Amino acid sequence: DIGNDEQLYECPMCSLTCTNIQILQEHVDLHLEEHSFSEGGNIRDLELAQWLQTEEDNRQRSEEEKREREEFKKLQRQYGLDNSGGYKQQFLKSMEKEVDRGKMQPFEYHKRKADMMECLAFGIDDGKTKTSGVIEALCKYYENENKDVRHVWLSTGVDHFHSSLGDRGWGCGYRNFQMLLSSLLQNSSYDDCLRDTMLIPSIPKIQSMIEDAWREGFDPHGASHFNNRLHGSKAWIGACEIYSLLTSLRIKCQIIDFHKPTGPMGTHPRLFEWVLRYYSTDNEGGAKVVCTSKPPIYLQHQGHSRTIVGIEEKKNKTLCLLLFDPGCPSQEMQKLLKQNSDGTSLRLLRKFVGSLKEKQYQIVAVDGILSLEEKAARCHASRVLTSEKIP
């Protein structure tokens, strides 16, 4: 009895069926020995060798196609393009698991479900993963710190958002957009651009906003990658989607591509130098702590994104980025709100040159507002969008 999925091999000389290519070859060798002196034996031997080689090629091709299909499905799952549902579905499934494990009571499940559905209906974030006041606490800390920091430049106020039950594993790009937006909403210069976005949008709402940008004509190549659909999926987004969304809101920004290391051991010192120029331009006074009016910077690399909220210059001239990571939970971020004289909690934020060693980084930096004409021009240009590359 042969299983339905087991491959069979038929002898080309007597039609005997075998289940193994090696057994078939031994069987065929016996035929060859019996007919080795028969007329045309050499020709038949060649035909058989060619047939066996074709069978082996077909088998290898079939296995390769199977591997490619499995790898493609794996990538679809990894990047949220496998139609397995989006934020709402993941949130509900995650809570159901918590109830099954006894970590959540049924009444809490129903309350949180009702709260979530209400927030999604209004398109706003529930604020339960938000930590406010960290920039202000950092400013106070650095004013009293006298050890090794020569200068520090900080973004204007930024709220930290971390991933929740609904977007854990794929929501970092959306959470970083929320951080950037939280800063822009505190700057009256952007009031006109953001008059329809007075509250932080939920992740499904951000997905719809990106789809709206695509419908306006922004980044058709990127839109086609997602089949023009993000809402209801767990699709990862990156720098191009952030650029398209901000530009559709008439917020002037640029993508800078640090496409290869510029320092020893695969490091990116030019990225740090660019960030220093971004924050220190127009803020070069002698003050040790400079709370700038600059929005934070979106930082992307393969598989993850974070938000740059400032930069330190040490007394020995080395630079250190200050990053908000969506993967860092609220309880950790709230430690930064307490005045800790030794600064140990800052390890959550500090990244030195040797800490950023991915092959490539992209940043999205905001720099003002666009007129309607400028927005239309950028929409047209985005059809062949290319980022500026740092040599």
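What is the calculated FRET efficiency for LYS335 to ASP282, with r their C-beta to C-beta distance and R₀ = 41 Å, to the nearest 0.05?
Given R0 = 41 Å and the Cβ-Cβ separation, E is 0.80.
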Computed lengthening from GLN186 to TYR109, 0.36 nm per intervening residue step minus Cα-Cα distance: 24.3 nm
Chain lengthening between MET265 and GLU68 when straightened (0.36 nm per residue, less Cα-Cα): 67.6 nm
Stokes-Einstein diffusion coefficient of the stretch 129-387, Kirkwood radius over Cα pairs, 37 °C, 0.692 mPa s, in µm²/s: 174
Residue-by-residue Karplus 3J(HN,Hα) for the stretch 47-54, coefficients 6.51, -1.76, 1.60, Hz, glycine and proline x: 4, 5, 4, 5, 5, 4, 5, 4
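Sorting check: for 201-211, 268-278, which peptide has the highest mean count of neighbouring beta carbons within 10 Å, and how do the rest follow?
201-211, 268-278
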Among THR344, THR197, THR262: highest mean-square fluctuation, GNM of the chain, C-alpha pairs under 10 Å: THR344
Magnitude of the charge dipole, the chain, Cβ model with Lys/Arg +1 and Asp/Glu -1, debye to 20: 2840
Computed lengthening from SER94 to LYS317, 0.36 nm per intervening residue step minus Cα-Cα distance: 75.6 nm
Residue (of GLY127, TYR87, ALA235) at the positive-pole extreme of the chain, dipole from beta-carbon charges: GLY127
Neighbour cut-off at most 16 other Cβ (10 Å), DSSP loop, trypsin sites (Lys or Arg not before Pro), the stretch 113-178: LYS128, LYS147, ARG168
Rounded tilt (10° steps) of 106-122 against the dominant C-alpha axis of the chain: 80
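No lab work stands behind these numbers, since they all come straight from the coordinates. Remember, predicted model here, so these are calculated numbers, not experimental data. Methodologically, a virtual Cβ is constructed for each residue, glycine included, from the backbone with ideal geometry; neighbour enumeration extends over all protein chains shown.
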